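The values are calculated or read from the model by the stated rules, or taken from the named source; none is laboratory data. Predicted model, so just to flag it, every value in this text is computed and none were measured. With ideal geometry, Cβ positions are generated from the backbone for all residues, glycine too; neighbour counts draw on all protein chains shown.
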Amino acid sequence: MGTLLPQAGAPALPPLLDPRIARVIRATPDRLHALVAEHGSPLNIVWPHAVADTVERMREALATEGVDYEIFYGAKVNKSRALVRAAVAAGTGIDVSSLAECEDALRASADPARLCATGPAKTRPFLRRLVAVGALVAVDSLEELDDLGGCTREGGPARVLLRYRPDSAARSRFGMGRGAIREALRRLAREDAPFAFEGFHLHLSGYDVESRVAAMAEVAGLVDEAVALRLPVRLIDIGGGLPVRYVDPDTYANALARQGPEHYQTGRVPAEFYPYGSPLTAAEWIAGFLRAPCRGGTIAGYLRSMGLRLAIEPGRSLVDQAAISLFRVTRTKPLGEGRGVVFVEGSSFSACETWFASEFLVDPILLPAAPEGREGPGLRAFIAGHSCLDGDVITHRLLEFGTAPRPGDLLLHANTAGYQMDLLENEFHRHPMPARLVATPSSDAGFVFARD
Ligand SMILES: Cc1ncc(COP(=O)(O)O)c(C=O)c1O
């Protein structure tokens, strides 16, 4: 497989692969070709077995520090119901951000009491449903608290977390600053308040541990204020943002150091990338957070001493390795100056990092339609979708293919479950929506594939 990855030129960034998925790619690439022939290009395949493995590693990291915990799968990262079912089967609760996600989670037999509703502007029907099923609601504003109170008449008290806006995110539109949190606490403490207060919630963009540690110290102060109002706190939910390691960290650091404008067909290196070669795994991130200082001890010690449960809402990191996306090559075209373009059937709406002015810094794997007789000139090329939009580019990076891709070959993007496959998908040019298949382990240690 190694020789089929882009070589030299733009620094190579081979994907880390789940061993069972790697076996399928290596041993039966013809199977993947047959699936694309049957279901069309692009084709997304989800691999739910990866979810259970990841949950287990997160659990171990949490249990090692002796804290009570709850894991809510951030179901927004992928539309697959099979992945929601896999998370429920692995014992997680679900973080839902819409009525549709909530219904999906309930259909997947999630315990309604272990749903946590996040997102900034929940609709009334969503709030009503959450109250009716007894889900936890992370309240984003005082206005939302009022709305939620209005939904409690039939459903009993609403279970509330208050979403705090940490100092490091002072300009964010999400959550409440200290002043609004204090006002919310006063409202929750009223005798006739139709609420059951359970604790605090936050979510920060970025993937560093330090900003969460700082936020935790701020939340500890709010816990004291709540307790002073006789509002016992049960849970602190620090949201998502746990890292994913797509490529080897050293390879990634080297590639970042070596890459330059000449490696991009735009002549520009994007300003920002997701940290694809994270130095920390998600489990190490959890351990680092829990061992960080807090009130003279560690965060784990603080949580234990206060009888607090820690919740996390991993989205991207929970579906690490849980999908691949396959694109069929339609043609290649030389563009002069030693560069070309590989057109694929499908569009960058299905592999959308370039729409966020960034790049998916993970190399695709070329699966030739006919591996024999592949000697021939190489190709330095970027990858574009088949649409007429100039911006329909899957990767602006100029990849060095040892031998040029040919029509009918497949480009396999690994590890696409987290926001990389179905976030912007649509039927532009009336091209059908990409099919999504579920790979289920079979008795012979292989997989069977069916529609999601
Ligand atoms: C409130 C909340 N929780 C969890 C997540 C999941 O984050 P990630 O996919 O980075 O783990 C998000 C993502 O935007 C979020 O807004």
Filter result for ASP68 (within 20 Å of LEU308 (Cβ to Cβ) and either away from the ligand (no atom under 13 Å from the Cβ) or not assigned by TED's automatic domain parsing to the domain that holds LEU202 (or both)) = yes
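Here is a yes/no grid of residues against (1) surrounded by fewer than 21 Cβ atoms within 10 Å (Cβ to Cβ); (2) away from the ligand (no atom under 16 Å from the Cβ):
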{"position": "CYS116", "(1), (2)": "no, no"}
{"position": "ASP140", "(1), (2)": "no, no"}
{"position": "ARG153", "(1), (2)": "yes, yes"}
{"position": "ALA169", "(1), (2)": "yes, no"}
{"position": "ARG173", "(1), (2)": "yes, no"}
{"position": "GLY179", "(1), (2)": "yes, yes"}
Any pair with Cβ under 8 angstrom, 6 or more apart, that starts in the stretch 329-351 at a residue that is part of a loop (DSSP other than H, G, I, E, B) and ends at one that is among the charged types (D, E, K, R) = GLY338/ARG380; ARG339/ARG380; GLY346/ARG328; SER347/ASP392
Qualifying residue in the stretch 157-167 (condition: in contact with a Ser or Thr (Cβ under 9 Å, 6 or more places away or on another chain), in a loop (DSSP other than H, G, I, E, B) and touching a residue at least 24 places away in the same chain (Cβ under 8 Å)) | yes
Go through the stretch 390-447 and tell me which strands (runs of 3 or more DSSP E), entirely inside it, have 3 or more residues that are touching a Ser or Thr at 6+ places or on another chain (Cβ under 9 Å) and in contact (Cβ under 8 Å) with a residue 60 or more places away in the chain.
-> 393-401, 410-414
Out of curiosity, is LEU424 farther than 14 Å from THR332 by Cα, in the same structural domain as SER325 (by TED's automatic domain parsing) and at pLDDT 95 or above?
-> no
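Every residue, every condition in (1) over 16 Å from ALA311 (Cα atoms); (2) without any contact (Cβ under 8 Å) to a residue 40 or more places away in the chain, yes or no:
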{"position": "ALA27", "(1), (2)": "yes, yes"}
{"position": "ALA34", "(1), (2)": "yes, yes"}
{"position": "GLU38", "(1), (2)": "yes, yes"}
{"position": "PRO42", "(1), (2)": "yes, no"}
{"position": "ARG59", "(1), (2)": "no, yes"}
Identify, by number, the condition in (1) buried (at least 23 other Cβ atoms within 10 Å of the Cβ); (2) within 16 Å of the ligand (Cβ to nearest atom); (3) part of a helix (DSSP H, G or I) that LEU290 doesn't meet.
-> (2)
Considering residues that are surrounded by fewer than 18 Cβ atoms within 10 Å (Cβ to Cβ), within 15 Å of the ligand (Cβ to nearest atom) and either among the aliphatic types (A, V, I, L, M) or not assigned by TED's automatic domain parsing to the domain that holds LEU62 (or both), the number found within the stretch 192-249 is 0
